[in-house]
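Asks: This is the structure I want to talk about, given as structure tokens.
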Amino acid sequence: MYKLLRNPGHMELAMFAGIDPQSEGLARAKRLGIPTSYEGITAILDNPDIRIVFDATSAKAHVRHAKMLREAGKIAIDLTPAARGPYVVPPVNLGAHLDKDNVNLITCGGQATIPLVYAVRRVVPVQYAEIVSTVASRSAGPGTRQNIDEFTFTTAHGLEAIGGAERGKAIIILNPAEPPIIMRNTVYVIPAIEEYDEAAIVASVDQMVAEVQQYVPGYRLKDAPVFDRRRTPWGERTVMAMLLEVEGAGDFLPPYAGNLDIMTAAAWRVGELFAQHLLGIRQEVAA
Amino acid sequence: MRTLKPPRVTDTTLRDGSHAMRHQFTREQVRAIVSALDEAGVPVIEVTHGDGLGGSSIQYGFSGTSELELIEEAAKAAKRAKIAALLLPGIGTRKELAAAIERGITVVRIATQCTEADISEQHFGMAKDMGLETVGFLMMAHMRPPEFLAEQAALMESYGADCVYIVDSAGAMLPDDVRRRVAALKERLSIQVGFHAHNNLGLAIGNTLAAIEEGADQVDGCLRGLGAGAGNAPTELIAAVLDKMGLNPGLDVFKLMDAAEYIVAPIMPYQPIPDRDAITIGYAGVYSTFLLHARHIAAEFGLDPREILVELGRRQAVAGQEDWILDVALDIVRAKRAAGGVGDAREPAAIERPAD
């Protein structure tokens, strides 16, 4: 919501809907002069001007919403793990899905790390990609906590399906330090071949970081990628390690919650490109 | 003074010891160790990658032999003992748990950072549905006070834990720290309470006794102390001490000594002891498994491992954050260069590891 208010792009925030009349979010939206509804999706379905819907409810609710939104001819951008539509990571594959009516944003860890795996993959085939997302305990809500397995399953699947790794593995760690830590991700990649141009990989990664920074300014590698020989199930191999930090824009959520920010920033980006597509504006995006 | 009762002893040589073995236990070693422990009357034997089910990874080290094969081997070798596995939500999932159940575990120990018990609900739920005995592990328990830990333990109890452990993952506790934490859980919970020690400050046996004196129902040991950091309380030593106290829960002390001496000692890559770096881990209060990773990276960048370990403690690194070791090392090198202190620090480009 705050990202849309700060920078509407080719969108206009037409409604903020929830189901709890007492919700703080609804009250806040109302104070900001945004039309609100506590009747959930009904009010959205009844409004023909609404073309794009960001669904940040729950996987269970989205399964129901997906069908209703499709029948109403609206585009759904799914921030839940429901995944009724294809996974999208804006700088990797969004261009291929602008004709779809439902796209899914995977997980925060996926949005942060898949671009880097793909950046390696476009230079060399990737045997294995493993990511470790460390987020501040305060930024992990009850939904994440009660469904932590879904984070690892979905992220690992995204590393394979969108990142292009033959095999993906995801680990999530909650760190309770005070003051809260900024979201950190370590991305390990084992290329499928031993002979390759390290400089070309590093250049591809740098380029990808710049692309993500267009919509997540606080997205940065802490160091140049580190190449290291390790014992692996495929023999002794070179492992590439990338240390990534994601600082939130602080639009509404605190800056340490980069995990939440990258989801909303990616959602904004996806919404904006859909809006441009609907308006017939030509764009250059990754296909 | 209250009447003490003999605690149940779980041996975790084949899980915590996996760290010191760099996760290279073989089927033959598992068979020999499980048979010996079973023969000596140890009732529960934990067999898993050091970082729990699904721990085989770049982050923690790949297993030489799949943990599921090792669990299967252990289940075959055990005549009386129950086979347990460790699971850290966020690393392992219900998928790996289901596979481990299929291979023969009947106990699962579900471990979270001591502040994050609420990520374990779905795993306890599944384990209880599958008829397993369940144990909760509150890791790095030195980082929070007793009352806080009791709240977290109560969450695990509400999810279906049969026992909750105070886990001194950093080997940072003094006996009084152990007493107050075990007492708080005993007071709060209606289920059993356990304690898992590390020997980084040389207190593994003393702390285990302190826990038993506060009424701990379960304690952990490893043959020859084979475990992360300076290792754990040696199982054979726990048995000998309990026997002298008149609290032997049915362990054959001499058979355990033989298992330690003739089966485990010959295969150990080194004897874990509170040496310089292990003491630092206990002193700084960081995860014991950081030991080998920090040594390798320190050697590569020309740093003292203590600099890295102390900084990890300052940053409040928690269980499983091995990736922060490289991060901290790079930060230290950068800071030293900026200060003109270390012109000769190597480029952070290639880390050579010993061919271990």
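The values are calculated or read from the model by the stated rules, or taken from the named source; none is laboratory data. If you're wondering where the values come from, they're calculated on a predicted model, not measured in any experiment. Here the Cβ positions follow ideal geometry from the backbone for every residue, glycine too, while neighbour counts run over all protein chains shown.
Asks: Working only within segment A:1-27, note down all residues that are among the charged types (D, E, K, R) and either within 22 Å of the chain's Cα centre (by Cα) or modelled with pLDDT of 90 or more (or both). If you could, list the steps in order and put the result at the bottom.
Replies: Kept after step one, since they are among the charged types (D, E, K, R), are these residues of segment A:1-27: A:3, A:6, A:12, A:20, A:24.
Listed by number, the residues that qualify are A:LYS3, A:ARG6, A:GLU12.
Asks: Give me the pairs, please: first residue somewhere in segment A:1-25 and more than 19 Å from A:ALA266 (Cα to Cα), second residue anywhere and β-branched (Val, Ile, Thr) and outside any loop (DSSP other than H, G, I, E, B), beta-carbon distance under 8 Å, and either six or more positions apart or on two chains.
Replies: A:MET15/A:THR36; A:MET15/A:ILE44; A:ALA17/A:THR36; A:ALA17/A:ILE41; A:ALA17/A:ILE44; A:GLY18/A:THR36
Asks: Looking at B:LEU37, B:LEU53 in this structure, which one is crowded, with 20+ Cβ neighbours inside 10 Å, within 26 Å of A:ILE172 (Cβ to Cβ), touching a residue at least 12 places away in the same chain (Cβ under 8 Å) and touching a helix residue (DSSP H, G or I) at 6+ places or on another chain (Cβ under 7 Å)? Lay out the reasoning, then the answer.
Replies: Details: B:LEU37 fails: within 26 Å of A:ILE172 (Cβ to Cβ).
It is B:LEU53.
Asks: Which condition from (1) within 11 Å of chain B (Cβ to nearest Cβ); (2) under 20 Å from A:GLY271 (Cα atoms) is the one that A:SER133 breaks?
Replies: (2) is the only condition that A:SER133 fails.
Asks: Being at pLDDT 95 or above, within 18 Å of A:PRO91 (Cα to Cα), outside the structural domain of A:ASP55 (by TED's automatic domain parsing) and crowded, with 22+ Cβ neighbours inside 10 Å is true for just one of A:VAL270, A:VAL187. Which residue is that?
Replies: On inspection, the qualifying residue turns out to be A:VAL187.
Asks: So which residues in segment A:1-27 are in contact with a Phe, Trp or Tyr (Cβ under 7 Å, 6 or more places away or on another chain) and among the aromatic types (Phe, Trp, Tyr)?
Replies: Within segment A:1-27, the first condition is being in contact with a Phe, Trp or Tyr (Cβ under 7 Å, 6 or more places away or on another chain), and the residues that meet it are A:1-4, A:18-21, A:26.
Within segment A:1-27, A:TYR2 is the sole residue that qualifies.
Asks: If I go through segment A:116-125 residue by residue, how many of them are within 14 Å of chain B (Cβ to nearest Cβ) and surrounded by fewer than 24 Cβ atoms within 10 Å (Cβ to Cβ)?
Replies: 0
Asks: Residues to consider are B:ARG314, B:ARG334, B:ARG295; find the one that is modelled with pLDDT under 95 and over 18 Å from the mean Cα position of the chain (by Cα).
Replies: Answer to the check: B:ARG334.
Asks: For the condition in contact with a strand residue (DSSP E or B) (Cβ under 6 Å, 6 or more places away or on another chain), of a type in the set (Val, Ile, Thr), without any contact (Cβ under 8 Å) to a residue 60 or more places away in the chain and closer than 15 Å to A:TRP268 by Cα, what is the one hit in A:ILE77, A:ILE106?
Replies: Values: A:ILE77 fails: without any contact (Cβ under 8 Å) to a residue 60 or more places away in the chain.
Within the list A:ILE77, A:ILE106, the selection yields A:ILE106.
Asks: Same structure, new question: Sort out which residues of segment A:238-255 are surrounded by fewer than 19 Cβ atoms within 10 Å (Cβ to Cβ) and either outside any loop (DSSP other than H, G, I, E, B) or at the interface with chain B (Cβ under 10 Å from one of its Cβ atoms) (or both), and write them in order of number.
Replies: A:THR238, A:GLU245 - these are the residues of segment A:238-255 that are surrounded by fewer than 19 Cβ atoms within 10 Å (Cβ to Cβ) and either outside any loop (DSSP other than H, G, I, E, B) or at the interface with chain B (Cβ under 10 Å from one of its Cβ atoms) (or both).
Asks: Out of everything in segment A:199-237 that is assigned to a strand (DSSP E or B) and at the interface with chain B (Cβ under 9 Å from one of its Cβ atoms), what residue ends up being nearest to A:GLN111 (Cα to Cα)? I'd like the intermediate steps shown before the answer.
Replies: Here is the first cut: in segment A:199-237, the ones assigned to a strand (DSSP E or B) are A:219-221, A:226-232, A:235-237.
Okay, now just the ones that are also at the interface with chain B (Cβ under 9 Å from one of its Cβ atoms), so A:226-232, A:236.
Details: A:VAL226: 21, A:PHE227: 23, A:ASP228: 25, A:ARG229: 27, A:ARG230: 27, A:ARG231: 28, A:THR232: 26, A:GLU236: 30 Å.
Ranking the qualifying residues of segment A:199-237, first place goes to A:VAL226.
Asks: Another question, if that's okay. If the Cβ limit is 7 Å and pairs must be 6+ apart or interchain, which residue in segment B:110-131 that is facing chain A (nearest Cβ under 10 Å) and surrounded by fewer than 22 Cβ atoms within 10 Å (Cβ to Cβ) pairs with which residue that is assigned to a helix (DSSP H, G or I) and of a type in the set (Asp, Glu)?
Replies: The qualifying pairs are B:GLN122/A:ASP149.
Asks: Looking for whichever is closer than 19 Å to B:PRO7 by Cβ and of a type in the set (Lys, Arg) here; the options are B:ARG109, B:ARG144, B:ARG103. Which one fits?
Replies: Working: B:ARG144 fails: closer than 19 Å to B:PRO7 by Cβ; B:ARG103 fails: closer than 19 Å to B:PRO7 by Cβ.
Every option except B:ARG109 fails the conditions.
Asks: Something else about it: Please go through segment A:117-169 and give me each residue that is assigned to a loop (DSSP other than H, G, I, E, B), at pLDDT below 95 and aliphatic (A, V, I, L, M), ordered by number.
Replies: Hit for segment A:117-169 is A:ALA140, nothing else.
Asks: Follow-up. Do we have A:THR113 as facing chain B (nearest Cβ under 9 Å), outside any strand (DSSP E or B) and in contact (Cβ under 8 Å) with a residue 12 or more places away in the chain here?
Replies: Details: facing chain B (nearest Cβ under 9 Å): no; outside any strand (DSSP E or B): yes; in contact (Cβ under 8 Å) with a residue 12 or more places away in the chain: yes.
The answer is no for A:THR113.
Asks: Could you name every one of the helices (runs of 4 or more DSSP H) located completely within segment A:13-106 that has at least 3 residues being of a type in the set (Lys, Arg)?
Replies: On the way: elements: A:24-31, A:41-45, A:59-71, A:90-93.
Answer list for segment A:13-106: A:24-31, A:59-71.
Asks: Please name all residue pairs, on different chains or six or more residues apart, with Cβ atoms under 7 Å, provided the first residue is in segment A:234-250 and is farther than 14 Å from A:TYR188 by Cα and assigned by TED's automatic domain parsing to the domain that holds A:PRO125 and the second residue is in a strand (DSSP E or B) and among the aromatic types (Phe, Trp, Tyr).
Replies: These pairs meet every condition: A:VAL246/A:TYR219.
Asks: Evaluate the following for A:ALA43: is it of a type outside the set (Lys, Arg), farther than 24 Å from A:GLY141 by Cα and touching a strand residue (DSSP E or B) at 6+ places or on another chain (Cβ under 7 Å)?
Replies: Details: of a type outside the set (Lys, Arg): yes; farther than 24 Å from A:GLY141 by Cα: yes; touching a strand residue (DSSP E or B) at 6+ places or on another chain (Cβ under 7 Å): yes.
Answer is yes for this residue.
Asks: On to the next question. With within 23 Å of B:ALA84 (Cα to Cα) and more than 21 Å from the chain's Cα centre (by Cα) as the only criterion, which of B:LEU251, B:LEU247, B:LEU237 stands out?
Replies: Details: B:LEU247 fails: within 23 Å of B:ALA84 (Cα to Cα); B:LEU237 fails: more than 21 Å from the chain's Cα centre (by Cα).
One residue alone meets the criteria, B:LEU251.
Asks: What are the residues in segment B:81-95 that are more than 11 Å from A:ILE172 (Cα to Cα) and part of a strand (DSSP E or B), if any?
Replies: Result: B:LYS82, B:ILE83, B:ALA84, B:ALA85, B:LEU86, B:LEU87.
Asks: Within the set of pairs 6 or more residues apart or between chains, which connect a residue that is within 8 Å of another protein chain (Cβ to nearest Cβ) and of a type in the set (Val, Ile, Thr) inside segment A:146-157 to a residue that is in a helix (DSSP H, G or I) and crowded, with 24+ Cβ neighbours inside 10 Å with Cβ atoms less than 7 Å apart?
Replies: A:ILE148/B:ILE119
Asks: Among the listed residues A:VAL187, A:VAL212, A:VAL135, A:VAL123, which satisfies the condition of being touching a residue at least 40 places away in the same chain (Cβ under 8 Å), touching a Cys at 6+ places or on another chain (Cβ under 8 Å) and among the β-branched types (Val, Ile, Thr)?
Replies: Working: A:VAL187 fails: touching a Cys at 6+ places or on another chain (Cβ under 8 Å); A:VAL212 fails: touching a Cys at 6+ places or on another chain (Cβ under 8 Å); A:VAL123 fails: touching a Cys at 6+ places or on another chain (Cβ under 8 Å).
Going through A:VAL187, A:VAL212, A:VAL135, A:VAL123 in turn, just one is touching a residue at least 40 places away in the same chain (Cβ under 8 Å), touching a Cys at 6+ places or on another chain (Cβ under 8 Å) and among the β-branched types (Val, Ile, Thr): A:VAL135.
Asks: Of all residues in segment A:180-198, which are in a strand (DSSP E or B) and either within 21 Å of the chain's Cα centre (by Cα) or within 12 Å of another protein chain (Cβ to nearest Cβ) (or both)?
Replies: Within segment A:180-198, the subset in a strand (DSSP E or B) is A:183-191.
Answer for segment A:180-198, where residues must be in a strand (DSSP E or B) and either within 21 Å of the chain's Cα centre (by Cα) or within 12 Å of another protein chain (Cβ to nearest Cβ) (or both): A:MET183, A:ARG184, A:ASN185, A:THR186, A:VAL187, A:TYR188, A:VAL189, A:ILE190.
For every residue, the table says whether it meets (1) of a type in the set (A, V, I, L, M, F, W, C); (2) out of contact with any helix residue (DSSP H, G or I) (no Cβ under 9 Å at 6 or more places or on another chain).
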| site | (1), (2) |
| --- | --- |
| A:VAL202 | yes, yes |
| A:TYR219 | no, no |
| A:ARG237 | no, yes |
| A:LEU243 | yes, no |
| A:ALA249 | yes, no |
| A:MET263 | yes, no |
| A:GLY271 | no, no |
| A:LEU278 | yes, yes |
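Asks: Can you run down the residue pairs with Cβ atoms below 6 Å, 6 or more apart or on separate chains, where the first is in segment B:214-239 and without any contact (Cβ under 8 Å) to a residue 24 or more places away in the chain and the partner is crowded, with 24+ Cβ neighbours inside 10 Å and outside any strand (DSSP E or B)?
Replies: Qualifying pairs under 6 Å: none.
Asks: Sticking with this one: May I ask you to say which residue of B:ASP220, B:ASP258 is assigned to a strand (DSSP E or B), more than 30 Å from B:VAL333 (Cα to Cα) and among the acidic types (Asp, Glu)? Give the derivation first.
Replies: Working: B:ASP258 fails: assigned to a strand (DSSP E or B).
Every option except B:ASP220 fails the conditions.
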